[in-house]
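Structure first, then comments.
The values are calculated or read from the model by the stated rules, or taken from the named source; none is laboratory data. Just so you know, these numbers come straight off a predicted model, no measurement behind them. Every residue, glycine as well, gets a Cβ built from its backbone with ideal geometry; the counts of neighbours run over all protein chains shown.
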Amino acid sequence: MKDLTQIAIDTAVQRGASYADCRIVETQTEDITVRNGKIGALNHSEDLGFGVRVIASGAWGFACSSRVNREEVAHVSAQAVQIALASARLKSEDVRLAPEGRHHDCWQTPFLIDPFRVSLETKLDLLLSIDKILRKNPKIKAAEANLSFKREHQWLATSEGTFIDQLLLRSGAGYTATAVEGDDVQVRSFPNSFRGQFMTMGYELVLGLPLLENAERVREEALALLKAKPCPSGQKDLILDGSQLALQIHESVGHPTELDRVMGMEANYAGTSFLNTDKLKNFQYGSEIINLVCDSTVPNGLATRGYDDDGVPSQRWHLVEDGRFVGYQFNRELAHLIDASRSSGNSRADGWENIPIIRNTNLSLMPGEWELEDLIADTKEGIYLETNRSWSIDQQRLNFQFSTEIGWEIKNGKKGTILKNPTYQGITPQFWRSCDAICNSNYWTLWGVHNCGKGQPSQRAEMSHGAAPARFRNVTVGVRS
Ligand SMILES: [Zn+2]
């Protein structure tokens, strides 16, 4: 593979590129779904291809192919230079890349059990056992259990002398029960909505999750929701569980801190941001206990890797420190816009056929000091919400509304009756400023988001957000219509 990437680089440089990189990507995926006792999906796919990205006359060019051989690599590389030269005629200024060292490295996701070597029979047995428990009551009209695995082998070479060989592996598992009575449709999921929990791990993720152990509870909660009273409306103290907070972080911190959105470069895909660069180090994002940290090195994160697709090593840095907004997520190309001497390493592409763009890495809310029991006991009148059901947030990432699968009333420090169809809404900085308590690291979990869409043409990326339950004061809650 190294020889092939070298052909791409040499061809591009000979034809006048001032920078070139070549990424060869080999992907293997397996997705298994059992729906109402039957196999709903059984997809196994393998894919190999490469992309060449160059800068010539100060402009980007990109070309790619699924035919991985010497002639095609040279041909595609020459094509990328031609595209760069053509687009240079329309450029407003030259592309500038922040300096980056030369890296020669091999990196691999640590794992114990290769999920692609676990038999299909074992996997189906597990999903069918879950399905059986979920459908024990006829009011459960839909049960769905999933397993998902992905292995990605990447080789990246740049004209600056970097060569990186990375092997990334992730697993996912989860299920959902849908209870129906008349017009009322209630859903419970485990361990999270969006097809479950996803981590960079092997099959040990599936073995470690208490999937069977929770199936009965999930079924009973879905049924109980049919009879539950609706969530009250008004201003309430809110405790969000970690998985809901993960999505809150993704939408109201992750996306608005992507520097390409801030600069208006993503605007045509509902992607701008209220976080203009005047606010950097000059804006109260949240209360003083809010620390939001990007970390592409954290164990098991979906964006955890050795290097990004610009060949920049993984890093850890604050976006929000003690409530203050202190950092963005960016790449080599945009670093100069905020006077950063180096990229934060956020450049990633979906497969070989796309150009890398700025993507969220793993971004987490740091844990606080509280025991969950004490936090509930300390809340006189509030609501505890768990597991996302839907979300919406405006282009600027300011006004949001989320609904969750389930809520519980908190009265005089006690978790009481369950509530159906809860929603809450807010404005990003006001919401984060209202946080006055975060549970400790024993409650902290890294939740995987495996379906983040961005860019045109649209690209999918995966990342994780860690959070422990936290309390937000005086939040507007209501009922999902
Ligand atoms: Zn997203």
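Can you tell me which residues in region 334-366 are surrounded by 18 or more Cβ atoms within 10 Å (Cβ to Cβ) and out of contact with any strand residue (DSSP E or B) (no Cβ under 8 Å at 6 or more places or on another chain)?
Listed by number, the residues that qualify are 335, 343.
Name the residues in region 218-244 that are touching a residue at least 12 places away in the same chain (Cβ under 8 Å), more than 16 Å from the ligand (Cβ to nearest atom) and part of a helix (DSSP H, G or I), would you?
218, 219, 221, 222, 223, 224, 225, 226, 242
Which pairs turn up if I take residues in region 246-257 that are charged (D, E, K, R) and look for partners that are within 11 Å of the ligand (Cβ to nearest atom) with beta carbon separation below 8 Å, at least 6 apart in sequence or on another chain?
Going by the 8 Å Cβ cut-off, the qualifying pairs are 251/391; 251/393; 251/397.
In the list 316, 305, 332, 261, which residue meets the criterion of being on the phi < 0 side of the Ramachandran plot and either within 15 Å of the ligand (Cβ to nearest atom) or not assigned by TED's automatic domain parsing to the domain that holds residue 454 (or both)?
Going through 316, 305, 332, 261 in turn, just one is on the phi < 0 side of the Ramachandran plot and either within 15 Å of the ligand (Cβ to nearest atom) or not assigned by TED's automatic domain parsing to the domain that holds residue 454 (or both): 261.
Determine which member of the set 425, 456, 430 is within 16 Å of the ligand (Cβ to nearest atom) and over 16 Å from the mean Cα position of the chain (by Cα). Walk me through it before giving the result.
Working: 425 fails: within 16 Å of the ligand (Cβ to nearest atom); 430 fails: within 16 Å of the ligand (Cβ to nearest atom).
That would be 456, the only listed residue that is within 16 Å of the ligand (Cβ to nearest atom) and over 16 Å from the mean Cα position of the chain (by Cα).
For region 112-160, enumerate the residues that are within 30 Å of residue 10 (Cα to Cα) and of a type in the set (Gly, Ala, Ser).
157, 159
Take residue 126 and decide whether it is over 28 Å from residue 245 (Cα atoms) and either of a type in the set (Val, Ile, Thr) or outside any strand (DSSP E or B) (or both). Let's see the steps before the verdict.
Details: over 28 Å from residue 245 (Cα atoms): yes; either of a type in the set (Val, Ile, Thr) or outside any strand (DSSP E or B) (or both): yes.
Yes.
Between 436, 394, which is among the charged types (D, E, K, R), out of contact with any Pro (no Cβ under 8 Å at 6 or more places or on another chain) and within 16 Å of the ligand (Cβ to nearest atom)? Don't jump to the end; show me each part of the working.
On the way: 436 fails: within 16 Å of the ligand (Cβ to nearest atom).
Unique residue meeting the criteria: 394.
For region 228-272, which residues satisfy the criterion of being more than 30 Å from residue 414 (Cβ to Cβ), surrounded by fewer than 16 Cβ atoms within 10 Å (Cβ to Cβ) and in contact with a Ser or Thr (Cβ under 7 Å, 6 or more places away or on another chain)?
The answer is 264, and nothing else.
Check whether at least one residue in region 245-257 is away from the ligand (no atom under 16 Å from the Cβ) and of a type in the set (D, E, K, R), and report yes or no.
No, that holds for no residue.
Quick grid of which residues meet (1) hydrophobic (A, V, I, L, M, F, W, C); (2) in a loop (DSSP other than H, G, I, E, B); (3) under 20 Å from residue 163 (Cα atoms):
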| residue | (1), (2), (3) |
| --- | --- |
| 273 | no, yes, no |
| 318 | no, no, no |
| 337 | yes, no, no |
| 340 | yes, yes, no |
| 352 | yes, yes, yes |
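State which residue pairs qualify: first residue more than 16 Å from residue 93 (Cα to Cα) and small (Gly, Ala, Ser) and inside region 324-343, second residue at pLDDT 95 or above and in a strand (DSSP E or B) in any location, beta carbons under 7 Å apart, and separation of 6 or more residues or different chains.
Here the result reads 327/317; 327/318; 327/319, each pair linking region 324-343 to a residue that is at pLDDT 95 or above and in a strand (DSSP E or B).
Yes/no matrix, rows are residues, columns are (1) surrounded by fewer than 20 Cβ atoms within 10 Å (Cβ to Cβ); (2) more than 23 Å from residue 294 (Cβ to Cβ); (3) of a type in the set (S, T, N, Q); (4) touching a strand residue (DSSP E or B) at 6+ places or on another chain (Cβ under 8 Å):
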site: 415; (1), (2), (3), (4): yes, yes, no, yes
site: 420; (1), (2), (3), (4): yes, yes, no, yes
site: 435; (1), (2), (3), (4): no, no, no, yes
site: 448; (1), (2), (3), (4): no, no, no, yes
site: 452; (1), (2), (3), (4): yes, no, no, yes
site: 456; (1), (2), (3), (4): yes, yes, yes, no
site: 465; (1), (2), (3), (4): no, no, no, yes
site: 472; (1), (2), (3), (4): no, no, no, yes
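Conditions first: (1) modelled with pLDDT of 95 or more; (2) surrounded by fewer than 22 Cβ atoms within 10 Å (Cβ to Cβ); (3) under 23 Å from residue 295 (Cα atoms). Residue 194 passes all but one, so which condition is the exception?
Of (1) modelled with pLDDT of 95 or more; (2) surrounded by fewer than 22 Cβ atoms within 10 Å (Cβ to Cβ); (3) under 23 Å from residue 295 (Cα atoms), only one is false for residue 194: (1).
Please tell me if residue 288 is modelled with pLDDT of 95 or more and within 30 Å of residue 80 (Cβ to Cβ).
The answer is no for residue 288.
Any chance region 168-188 includes a residue that's under 22 Å from residue 35 (Cβ atoms), touching a helix residue (DSSP H, G or I) at 6+ places or on another chain (Cβ under 7 Å), in a loop (DSSP other than H, G, I, E, B) and not assigned by TED's automatic domain parsing to the domain that holds residue 386?
No, there is no match, as no residue in region 168-188 is under 22 Å from residue 35 (Cβ atoms), touching a helix residue (DSSP H, G or I) at 6+ places or on another chain (Cβ under 7 Å), in a loop (DSSP other than H, G, I, E, B) and not assigned by TED's automatic domain parsing to the domain that holds residue 386.
Looking for something within 15 Å of the ligand (Cβ to nearest atom) and surrounded by fewer than 22 Cβ atoms within 10 Å (Cβ to Cβ) - is there at least one such residue anywhere in region 378-390?
Just the residues of region 378-390 that are within 15 Å of the ligand (Cβ to nearest atom), to begin with: 388, 390.
Among the residues that remain, those that are also surrounded by fewer than 22 Cβ atoms within 10 Å (Cβ to Cβ) are: 390.
The answer is yes; a qualifying residue exists.
Check off (1) outside any helix (DSSP H, G or I); (2) farther than 30 Å from residue 195 by Cα for residue 150 and give me the number that stays unchecked.
(2)
Whether any residue in region 387-403 is in the same structural domain as residue 461 (by TED's automatic domain parsing), acidic (Asp, Glu) and at pLDDT 95 or above is what I want to check. Lay out the reasoning, then the answer.
Let us first name the residues in region 387-403 that are in the same structural domain as residue 461 (by TED's automatic domain parsing), namely 387-403.
Pick out the ones that are also acidic (Asp, Glu) and you get 394.
Filter once more, so that each one left must be at pLDDT 95 or above: none.
Among the residues of region 387-403, not one is in the same structural domain as residue 461 (by TED's automatic domain parsing), acidic (Asp, Glu) and at pLDDT 95 or above, which makes the answer no.
Does residue 403 count as within 16 Å of the ligand (Cβ to nearest atom) and part of a strand (DSSP E or B)?
Considered against the rule, which asks whether it is within 16 Å of the ligand (Cβ to nearest atom) and part of a strand (DSSP E or B), residue 403 comes out as no.
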